[in-house]
Amino acid sequence: MAESESLETITEHERILQEIESTDTACVGPTLRSVYDDQPNAHKRFMEKLDARIRNHDREIEKMCNFHHQGFVDAITELLKVRADAEKLMGQVSDTNRRLQDAGREVTAQTEEVIRCRIQQRNMATTVEKLQLCIPVLEMYSKLKEQLESKRYYSALKTMEQLENIYIPRVSQYRFCQIMAETLPKLREEIKEISMSDLKDFLESIRKHSDKIGETAMRQAQQHRTFNSAVQKQVTLSCTKPLYGLNGRTPLHHNGLSTEAADEEEMDEEVLTAQDLVDFSPVYRCLHIYTVLGDRETFENYYRKQRKKQARLVLQPQSNMHETVEGYRKYFNQIVGFFVVEDHILHATQGLVTRAFTDELWNMALSKIIAVLRTHSSYCNDPDLVLELKNLIVIFADTLQGYGFPVNRLFDLLFEVRDQYNETLLKKWALLFRDIFEQDNYSPIPVENEEEYKAVVSRFPFHDAEIEKQQFPKKLPMSQSVPQIYSQVKEFIYASLKFSESLHRSSTEIDDMLRKSTNLLLTRTLSSCLQNLIKKPHIGLTELVQIIINTTHLEHACKYLEDFITNITNVSPETVHTTRLYGLSTFKDARHAAEGEIYTKLNQKIDEFIQLADYEWGMAESDGRASGYLMDLINFLRSTFQVFTHLPNNNNDHAAMS
């Protein structure tokens, strides 16, 4: 048993020693602790075992040292020999190192300089690269400023768009780009305000220039109409007989055109348009700007609203417009100028104004114009002014019709103005007739020679074979008022014809208008003047007889007036519905009134003779002689009846006086 325990102990100690030899020093604690944890004498035996192991190792070391001692001695000897060479080499190395240090110090300095330059080059390259990105942005911004200063706002907006979408995003990390990006919306608002200000200036400008624009447009329309009229007259004259002119003469011609048309053609050498008188660039620019900014609708609404306001101002006439033709001309010029501008805007822009908008403006304006003309023309009593107003309305209508505006209502209005024109003519001719009657001497016209006779018959269609056979000097049966009245009736027809021109009516309609207005002159104006003349107290029996003779000749001249109208209008009197002149009844009524007045005055005169008689009531018997008043009465009646012998032989209307 003791031997077995001893063997186990030895084996255990052997294992512990191997573990100590093979284990790290820091980990031998648990191993040594196991020595002390075993049997009480295990420590002592372990120490013995450990000493034996140490001695064993010492013997091995000693054997190894003895084996290698000679080699060690030889190595030490060799090292001693090398030591001197090593010291020499050490000196050389130190010297070489010192020289290398001296030489490397300059290289190091240059290397550091190279490194610094390389860093600078790299920084410069980076800077150039960044600047190449920034320079286009700055250039575009500088270009933007120049465009703003030169008021090229549309280009400036395009530049802003490029800055925002292309250039600024490339360098958005820099602060100046952020400032630019914040500034661009403000610049856009400034451009909107400036362009709106320019638009307001433009609206004010066209309001001031509307008069000139309209004047130019109406003058061109008048020149065009005059030229066409001259060409048409020339064609007509080459195909038909000459027509009567407004002054009773056919117009002179020059190179196939009337002198008036030639003058108008010379005036038409320099044609001005609305673009020549007004700069439309502000409205184009403002439209483009608001379109680019996406606010076109706001601009369109503002423009249309302002133009409607201006239209109302233009359509408001001056209170004294009816006093002169210049007032009407200025009124029409402004309206034409307004719509010429709108027509130009309609065709020069895309949708700023539409045809529906211009038609709405025109319909509103047309109603206002017609109301204004009705009101103001009613104040006018001068036929010349009414005629000039008619010519202005025709030119006004032709001008706007040339721009595509319907003007039928204006020509309908002209028929109302025509009636007023006829009324003013009738009033004017009533004064002329009164003056003629007041200045007439109511005695036959004396003619001393052939020239005087021809002068009379050239003014009045008088033909009498018996009087023509008489020798000069001789007397014509009518008084001086007859050719004057006849000439004035013709002048009235001329004046009426002037209004009928350029109304775009047929010859038949013009003929009908002339005949109706002439009938009014004869049946109302002339008849009234004759009736008033006959009733005047200072008109005696001799004058009344002459009035009867005068009316007879005027009655016979009515057929010549009809022929005169036919020659003017070139409408055959056989045409259906042709109006006839009512002069026959007019002059017949005047003769009846004159005969009645003769009868009345004759009776009054007889009564006066009888009332003034001095009767001798105490006479015993008659002395066989008639009283003096009876002799005077008989002499008066004899002279009076002698005057009656001048009455026309074919006149039986005064048979009641027998």
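At a glance:
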| quantity | calculated |
| --- | --- |
| Pairs beyond 27 Å (Cα-Cα), from LYS200/LYS330; LYS454/LYS536; LYS428/LYS588; LYS475/LYS588; LYS390/LYS559 | LYS454/LYS536; LYS390/LYS559 |
| Globularity ratio of region 387-472, using Cα Rg and 2.2 N^0.38 Å | 1.93 |
| Phi-based couplings in Hz for region 93-107 (Karplus 6.51, -1.76, 1.60; Gly and Pro marked x) | 4, 4, 5, 4, 5, 5, 5, 5, 5, 5, 5, x, 4, 5, 4 |
| Links that overshoot a 22 Å alpha carbon limit, given the list LYS309/LYS368; LYS158/LYS192; LYS151/LYS208; LYS151/LYS212 | LYS151/LYS208; LYS151/LYS212 |
| Whether region 57-102 is rounded, prolate or oblate, judged on the alpha carbon gyration tensor where a/c under 1.5 counts as rounded | prolate |
| ASP295/GLU501 FRET efficiency (R0 56 Å; Cβ-Cβ; nearest 0.05) | 0.60 |
| At 0.692 mPa s and 37 °C, Stokes diffusion of region 323-419 via Kirkwood alpha-carbon radius, µm² per second | 233 |
| Highest-first arrangement of 106-114, 393-401, where packing means the average Cβ count within 10 Å | 393-401, 106-114 |
| Subset of LYS535/LYS605; LYS474/LYS601; LYS427/LYS498 violating a 23 Å alpha-carbon distance limit | LYS474/LYS601 |
| Protection proxy ranking, peptides 138-144, 562-568, 479-485, 174-180, average beta carbon neighbours within 10 Å, highest first | 479-485, 562-568, 138-144, 174-180 |
| For ASP419, solvent-accessible area (1.4 Å; no DNA, RNA or ligand), Å² | 80 |
| Theoretical gain in end-to-end length, GLU161 to HIS224 [0.36 nm per residue, Cα-Cα removed] | 17.7 nm |
| Tail fraction, Cα-Cα pairs, region 43-185, threshold 20 Å, whole percent | 76 |
| Translational diffusion coefficient (Stokes-Einstein; Kirkwood radius from C-alpha pairs) of region 418-511 at 10 °C, 1.306 mPa s, in µm²/s | 102 |
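The values are calculated or read from the model by the stated rules, or taken from the named source; none is laboratory data. Everything quoted here is computed from the prediction, not taken from an experiment. Reconstructed Cβ throughout: ideal geometry from the backbone, glycine too, with neighbour counts over all protein chains shown. Just so you know, the surface numbers come from the protein's heavy atoms only, side chains and all, with ligands and any DNA or RNA stripped out. Shrake-Rupley method; radii C 1.70, N 1.55, O 1.52, S 1.80 Å.
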